[in-house]
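Only one structure is covered here, and it is reproduced in the block below.
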Number of protein chains: 2
Amino acid sequence: MNFTIDRDILLNNLIHVQKGLPNKTPLPILYAIKFEVFSDYIQLTASNSDVAIQVLVDDSSLKVHKTGKIALPGRYFIDIIRKVAASRIEIVLQEERLLVIKADRSEFKLKLMDVEDYPDVDFLDLAEPVILSSDMIKEIIKATNFATADNEKRPILTGVNFKYQDNHLYAVATDSYRLSQKNLSLRTHSKTFNIVIPNKSLDELSKILDHIQEEIEVYINPNKVLFKMNKIWFQTRLLEGTYPDTFKIIPTTFPTVISFNKEELLSAVDRVSLLSPRDKESNYNIIKLTLRQDQVVEISSTNTEIGDAKEEIIPTSDVVGGLISIAFSSKYLNEALKAFNSTEVTLNFAGEIKPFVIKGNMDSDLLHLILPVRID
Amino acid sequence: MNFTIDRDILLNNLIHVQKGLPNKTPLPILYAIKFEVFSDYIQLTASNSDVAIQVLVDDSSLKVHKTGKIALPGRYFIDIIRKVAASRIEIVLQEERLLVIKADRSEFKLKLMDVEDYPDVDFLDLAEPVILSSDMIKEIIKATNFATADNEKRPILTGVNFKYQDNHLYAVATDSYRLSQKNLSLRTHSKTFNIVIPNKSLDELSKILDHIQEEIEVYINPNKVLFKMNKIWFQTRLLEGTYPDTFKIIPTTFPTVISFNKEELLSAVDRVSLLSPRDKESNYNIIKLTLRQDQVVEISSTNTEIGDAKEEIIPTSDVVGGLISIAFSSKYLNEALKAFNSTEVTLNFAGEIKPFVIKGNMDSDLLHLILPVRID
């Protein structure tokens with residue numbers, strides 16, 4: 001095996017495949033990246049217990065002098081390519097298990113693993129993909145991923161539920177205290193599906209999508225989903241179990257609706273939560289929102305030890321409905337508001353002890369719900 | 001007490017005084033900033049077991065309506081002022097122990113501590129200061145502070161030694177594996193002194209100096225040193241004990257002298273240390289430098305598990321003296337090189353098992369020394 005390639009091209013592709021390397025694994029061969037060098041392209045593979053990634057490198061800067069395949073220590077190799085300043089890299093298999101990397105006046109020798117030990121990765125081989133644009137998938141992840149549960153009490157909630165029914169794709173995440181739902185109508189029809197993708201896998205996918213803009217084929221079976229991009233295949237396991245039916249917990253009638261400038265509301269919430277006491281269960285700062293008789297909204301917190309904070313906000317349009325006073329975690333409202341692209345948001349209240357719903361003027365397909373807490 | 005002031009002015013002064021707040025203290029009153037409001041200025045004080053800081057705020061934006069003094073919870077107050085967007089802040093003592101902070105439509109109420117509980121801070125009141133420019137002090141800290149010991153095995157080594165003798169100020173730091181020494185000739189004469197300033201205090205002082213350019217009066221007694229700036233007084237305790245006599249460990253004859261482009265050497269060292277094995281005692285990466293017969297310098301490391309790395313560097317001028325091969329911690333060389341402003345540095349070798357000395361073409365008053373390690 002012997003080839004040369006531009007350093008930047010190699011590095012960018014390594015950064016994609018790196019997302020498939022395990023942090024810790026009982027199977028040391030998985031610390032390797034599998035390099036398969038063909039006459040005019042290279043295939044890179046990394047996999048762990050959650051995801052498998054395959055990247056095709058067919059850049060014009062690649063000159064293959066001798067084909068071959070190896071398993072090389074992934075993180076060391078990436079660190080080296082990241083640190084070398086040379087514009088071009090030469091890679092030569094010197095002995096069966098010894099790789100030489102040359103870059104200007106630098107020379108590295110890396111001991112290899114046995115490529116025959118690298119487990120076969122079964123990428124899904126199915127017909128009839130769902131087609132989604134990379135921007136759409138990125139939007140869905142941004143809008144939902146943060147609302148998943150981060151502990152394992154109810155493992156199914158650590159993923160995002162993707163449900164296709166009635167020609168609509170619903171993406172839902174909830175940690176049982178708040179919920180985020182984005183829905184899309186697809187251009188292509190699909191069979192009904194209802195899957196839950198782990199939030200960590202979506203984090204990694206999202207980083208790859210930051211560098212990509214294309215149509216993506218999505219293949220689904222009961223255990224796995226494969227996102228097939230032009231040169232990158234990203235496959236992740238699915239979470240097992242039944243995702244709760246979240247439609248029924250979203251209130252449908254809202255006696256009080258208040259509109260806010262998003263940034264104004266966000267910074268008021270930030271300031272008030274500086275002094276707010278923490279909820280015993282969640283350890284989050286609890287703040288109170290009150291619509292006053294004079295139609296001004298007061299956001300406030302009271303901390304018996306430190307002091308009080310109070311912000312006044314004038315709604316951006318006439319308030320619909322009656323007075324309300326409701327308490328909730330400032331973290332949930334902060335994170336929800338950040339998920340909106342809108343300049344203006346409405347808070348839709350179903351009652352003081354019922355979940356309230358946030359919508360945005362420029363996010364027609366996005367809905368966020370927060371459960372209130374009781375305070376005295 | 002009642003005054004108004006521009007938010008940015010207040011915040012910048014709070015950020016200075018904040019460096020005197022303790023992280024943890026058995027004396028809760030020290031979590032307070034002492035505010036003394038006079039008719040045309042405010043004095044802010046914070047102190048902990050290491051340092052005491054007093055800041056004078058006499059900005060033209062300050063309008064005092066009523067004088068007074070209070071002790072307010074430091075970090076909460078700073079967080080609030082940092083988060084408010086208003087350009088002007090109004091601060092009113094509402095009750096004996098309740099402060100109201102108003103900024104646009106934000107209102108905070110902070111419970112106060114008893115200002116009479118705040119301990120008196122004795123700033124040194126001496127004659128005959130040493131005069132140093134803020135730039136000079138910043139230079140000294142940058143050149144020495146990183147080379148202090150970070151553990152407490154020999155507490156005296158966790159500080160920087162400032163020694164004045166023969167009209168020269170020597171600043172020295174060593175962790176007993178490497179040493180950095182900067183010397184200056186002072187414009188004013190001074191009595192002889194030999195003190196050790198804790199590295200943490202110098203870190204905090206350095207951050208304050210980033211915003212200041214002026215002549216500073218330095219007052220020294222056996223226990224404390226006071227840096228008296230125009231509007232900021234910064235006082236720190238000194239470390240007790242005798243600092244080792246470091247002059248005698250610096251070699252004076254160098255059989256081999258090699259010149260390098262600093263950046264080239266730095267990045268070669270960085271790359272080689274990617275694979276280098278770690279020293280058992282220090283856990284630092286050990287690398288080897290070898291001057292070859294062909295006058296090329298080789299920097300290398302060998303890791304029996306992972307592989308080898310090798311860099312070739314051509315010295316920037318003719319090598320003086322014979323061949324050498326020497327091993328040392330790459331971290332020490334990396335940190336030393338970063339302390340130099342020079343574009344070109346020389347490595348001055350006294351022998352393969354003797355400390356070597358680094359000097360720079362643009363840092364005539366700076367010297368750095370590194371102890372080699374034995375490898376086979």
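We did not get these values from a lab; they are worked out from the coordinates using the rules stated. Owing to the predicted nature of the structure, the values given are computational and were not obtained by experimental measurement. Reconstructed Cβ throughout: ideal geometry from the backbone, glycine too, with neighbour counts over all protein chains shown.
Summary of computed values
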item	result
Estimated Rh, the stretch B:250-370: Kirkwood, alpha-carbon pairs, angstrom	14.4 Å
Taking the stretch B:2-117 and dividing mean pair separation by its residue count, relative contact order in percent (alpha carbons under 8 Å, at least six apart)	29 percent
Fraction of antiparallel bridges per DSSP, the stretch A:130-246 only, in percent to nearest 5	100 percent
Eligible lysines near A:Lys111 by straight Cα distance, threshold 26 Å, same-chain separation 8 or greater	A:Lys19, A:Lys24, A:Lys34, A:Lys63, A:Lys66, A:Lys69, A:Lys83, A:Lys102, B:Lys280, B:Lys288, B:Lys310, B:Lys331
Choice from A:Gln18, A:Gln94, A:Gln181 with maximal GNM fluctuation in chain A (Cα, 10 Å cutoff)	A:Gln94
Calculated over the protein assembly as shown: convex hull of Cα atoms, volume per residue (Å³)	205 Å³
Copies compared at B:Pro119 - label distances in nm, ascending, label defined 7 Å from Cα in the Cβ direction	6.1
Separation between Cα centres of the stretch B:89-141 and the stretch B:29-48, rounded to whole Å	3 Å
Environment charge at A:Leu157 (Cβ cut-off 10 Å; Lys +1, Arg +1, Asp -1, Glu -1)	-1
Summed residue charge, Cβ within 9 Å of B:Ile299's Cβ, Lys/Arg positive, Asp/Glu negative	0
Relative contact order for the stretch A:88-234, counting Cα pairs under 8 Å that sit 6 or more residues apart, in percent	22 percent
Sequence-distant lysines (8 or more away, or on other chains) whose Cα lies within less than 16 Å of B:Lys359	B:Lys142, B:Lys182, B:Lys262, B:Lys338
Long-range Cα-Cα pairs in the stretch B:1-100 (distance over 20 Å), rounded percent	33 percent
For A:His65, residues with placed amide H under 5 Å, excluding near neighbours	A:Asn2, A:Phe3, A:Thr4
Chain A: most fluctuating residue of A:Leu184, A:Leu126, A:Leu157 per GNM, C-alpha cutoff 10 Å	A:Leu126
Exposed-site-free run, longest, chain B (rule: GluC sites (Glu not before Pro); DSSP loop; at most 15 other C-beta within 10 Å)	B:1-95
Surrounding net charge for B:Lys288, when Lys and Arg each add one and Asp and Glu each subtract one, Cβ distance under 10 Å	0
Three-way shape label, the stretch A:284-339, alpha-carbon gyration tensor, a/c 1.5	oblate
Alpha-carbon Debye profile of the stretch B:60-190, log10 I(q)/I(0) at 0.19, 0.22 Å⁻¹	-1.00, -1.23
Low-density loop cleavage sites - trypsin sites (Lys or Arg not before Pro) in the stretch B:138-169, where at most 12 other Cβ are within 10 Å (DSSP)	B:Lys153
Rotational relation A to B, axis-closest Cβ in chain A, residue and distance rounded to whole Å	A:Asn23, 15
Across the identical copies, how the A:Lys191 labels are spaced - nm, sorted shortest first, 7 Å along Cα→Cβ	9.2
Choice from B:Thr343, B:Thr188, B:Thr45 showing the highest fluctuation, given a GNM over chain B with Cα pairs closer than 10 Å	B:Thr188
29 Å tail of the calculated P(r), chain B, as % of Cα pairs	53 percent
Candidate aspartates and glutamates for bridging to A:Lys138, where Cα separation is under 13 Å - those fewer than 8 sequence places away on the same chain excluded	A:Asp203, A:Glu204, A:Asp210, A:Glu214, A:Glu215
Distant-in-sequence amide H partners of A:Phe356 (H built 1.01 Å from N, under 5 Å)	A:Ile370
Length-normalised contact order for the stretch B:250-370 - Cα pairs under 8 Å, 6+ apart - percent	32 percent
Shortest-first distances to equivalent copies, position B:Lys207, nm, label 7 Å out along Cβ	2.9
Residue-wise HN-Hα coupling along the stretch B:132-146, computed from phi with Karplus coefficients 6.51, -1.76, 1.60 (Hz; x: Gly, Pro)	10, 6, 4, 4, 5, 5, 4, 4, 4, 5, 4, 7, 10, 4, 5
Kirkwood hydrodynamic radius (C-alpha pairs) into Stokes-Einstein, the stretch A:130-246, 25 °C and 0.890 mPa s, D in µm²/s	173 µm²/s
Volume per residue of the C-alpha convex hull in the stretch A:210-297, rounded to whole Å³	251 Å³
